[in-house]
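Please read the structure below before turning to the comments.
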Protein chains: 4
Amino acid sequence: MGMRVTVRAIAEADFEQWLTLWAGYNRFYGRATMPEEITRTTWARFFDDAEPVHALVAERDGNLIGVTHYLFHRSTTMVERVCYLQDLFTEESARGAGVGRALIEAVYEEARRAGLGKVYWQTHETNATAMRLYDQVAERSGFVVYRKLV
Amino acid sequence: MGMRVTVRAIAEADFEQWLTLWAGYNRFYGRATMPEEITRTTWARFFDDAEPVHALVAERDGNLIGVTHYLFHRSTTMVERVCYLQDLFTEESARGAGVGRALIEAVYEEARRAGLGKVYWQTHETNATAMRLYDQVAERSGFVVYRKLV
Amino acid sequence: MGMRVTVRAIAEADFEQWLTLWAGYNRFYGRATMPEEITRTTWARFFDDAEPVHALVAERDGNLIGVTHYLFHRSTTMVERVCYLQDLFTEESARGAGVGRALIEAVYEEARRAGLGKVYWQTHETNATAMRLYDQVAERSGFVVYRKLV
Amino acid sequence: MGMRVTVRAIAEADFEQWLTLWAGYNRFYGRATMPEEITRTTWARFFDDAEPVHALVAERDGNLIGVTHYLFHRSTTMVERVCYLQDLFTEESARGAGVGRALIEAVYEEARRAGLGKVYWQTHETNATAMRLYDQVAERSGFVVYRKLV
């Protein structure tokens, strides 16, 4: 990654640029219609000290080129919480430059600082590009995800 | 499932029987050494109204034959929380009788009652037996889990 | 209290009427300028299952005539949380009819149902009218409140 | 306050000394019988990152001479949480040296760092000694506390 890329906590002033990255991310996952209420609520949670929902951004020359959202939640097999890295996105023009890896490693650091011992995330089994990176920085657990809308 | 099987919220008086199921579950996942502090802490959280960690048990003739632990946590793609069904275990002698399905469906009901819209869980990709049930009651998402101890 | 008064959990459809009560309450405490962001955020928290902030309303002939907001929070001297009844307001035309008492007693019931053992609130030392009621349904603790904007 | 007094976050290693201060504090308030489960639970919460319950200690020559417990909780009249300074205690031999004031001011600082705008606490109306300090560092609100065991 070029040395001009900085990873930092998100700030209120990032809203417009974050919105663009969030839209790109949702398009990638085929969610053309992320309701505005969810976008607004999630954004507000980043800045609510009582909420365990956080965001980091990657910035280059004053432009946001990547973002990750992560959250802490309970687990029955640990005393401390675990860290779920829910979203990770790098702008298309900035791919291959180590931005994704830098964001993941920054989440590791944030989890450690909060006293947590584990970070996990999910990726689609067809996402070979992402998995090339993930296989370098984490372990593929062998677990697959089932889900049910209730 | 025989009609004498009841699914209900866990109670303080279930401790000894729960401990046996919890040990069986951990053995199944090769965790011979679940630290006592974790077991004690997780148990206490089931009864702490401020904690989003819950347990349901399946009972037959006064004996606990199955257990599930589930917890609610935030998500960036929903306003409400999601429900993570973290642990599911049926005593060996009671398998094949619909206990697992009854527990899962009871978690669906609890999630709904709490106003949530989604339940998810993970299973190992080699667990064909479990997946025969899961394929009937939920959708295999195609997502796989990466993890990193930090 | 006339038998046509019902105390119930607040609902999304109550927004307009709640706003009127909330404005009346804030005027009573000399807060002419409750920022809209706070009003909006507090309202949203009533319906967020992850938030310990709740509201009950008193209804008569389809009209809201009273409201109370209460929240659960930790305490160092109890295992379970305590219940802080933060706001209580009865419309002027409905005073003296037992609405306030009914709302307080409904909060007691909600706290009990949540497994809590204590409800508390604050009132200004000059509010003799309110204290006549409070002395009947609770204990004046002898504690006074200090505060500091930081 | 002598310059050898340090205020810092509590640490696991402080347990024995904290227990002595906690016992002294409870005796002061006539609570001879603080149940061990509460003591143990509150202690554990200081070190649980998911809990909004915190402690600071005042140390002199390696000995703890004061302690404060504070917690963050929601409020209906603010977007951010408020800080409740629930417990404050200085060992008898160390009184009059500014330890209480240093602890209160350290809580102000922690609240600010967490993005909060208000710290409050309660004291008994007969505690004239404490109020001489409190009148210097905060505002007596004029509010009195009612409570009810439910």
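Data overview
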read-out: Label-to-label distance, nm, for residues given as B:ALA32 and B:LEU149 (7 Å Cα→Cβ offset); value: 1.6
read-out: At least 50 Å² accessible surface lost relative to isolated chain, residues of region B:101-120 (1.4 Å probe); value: B:TYR120
read-out: 7 Å along Cα→Cβ, label-point gaps from A:GLY142 to other copies, nm, shortest first; value: 2.5, 6.4, 6.9
read-out: Inter-copy separations for B:MET131, label at 7 Å along Cα-Cβ, nm, ascending; value: 1.3, 7.1, 7.2
read-out: Alpha-carbon centroid distance for the pair region A:73-132 / region A:1-52, whole angstrom; value: 15
read-out: Inter-copy label distances at C:GLY117 (7 Å, Cα→Cβ; nm, one decimal); value: 3.2, 3.6, 4.0
read-out: Along each principal axis, Cα extent of chain B, largest first, Å; value: 42, 34, 33
read-out: Rg over Rh, two decimals, region B:3-79 (C-alpha only, Kirkwood Rh); value: 1.01
read-out: Trypsin sites (Lys or Arg not before Pro) restricted to region B:13-56 and DSSP loop, no more than 15 other C-beta within 10 Å; value: B:ARG31
read-out: DSSP H segments from chain B that extend 15 Å or more along their own axis, Cα-based, with Kyte-Doolittle mean of -0.5 or above; value: B:15-28, B:99-113
read-out: Tail weight of P(r) past 39 Å, computed on alpha-carbon pairs of the protein assembly as shown, percent; value: 38
read-out: Rule-of-thumb Rg ratio for region B:92-150 [Cα; 2.2 N^0.38 Å; N residues]; value: 1.31
read-out: Chain C residue with Cβ closest to the axis mapping C onto D, distance in whole Å; value: C:HIS73, 2
read-out: Structure-based [θ]222 nm, chain A - -39500 (n - 2.57) summed over DSSP H runs of at least 4, per residue, nearest 500; value: -10500 deg cm²/dmol
read-out: Surface accessible to a 1.4 Å probe, per residue, for the residues of region A:3-60, Å²; value: 55
read-out: Amide H contacts of B:VAL79 (H built 1.01 Å from N, under 5 Å, at least 5 apart or other chain); value: none
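The values are calculated or read from the model by the stated rules, or taken from the named source; none is laboratory data. All values derive from a computational prediction rather than experimental measurement. A quick note on method: Cβ atoms are made from the backbone with ideal geometry, for glycine too, and the neighbour counts reach across all protein chains shown. Note: accessible area is taken over every heavy atom of the protein model, side chains too, but ligands, DNA and RNA are not part of it. Shrake-Rupley method; radii C 1.70, N 1.55, O 1.52, S 1.80 Å.
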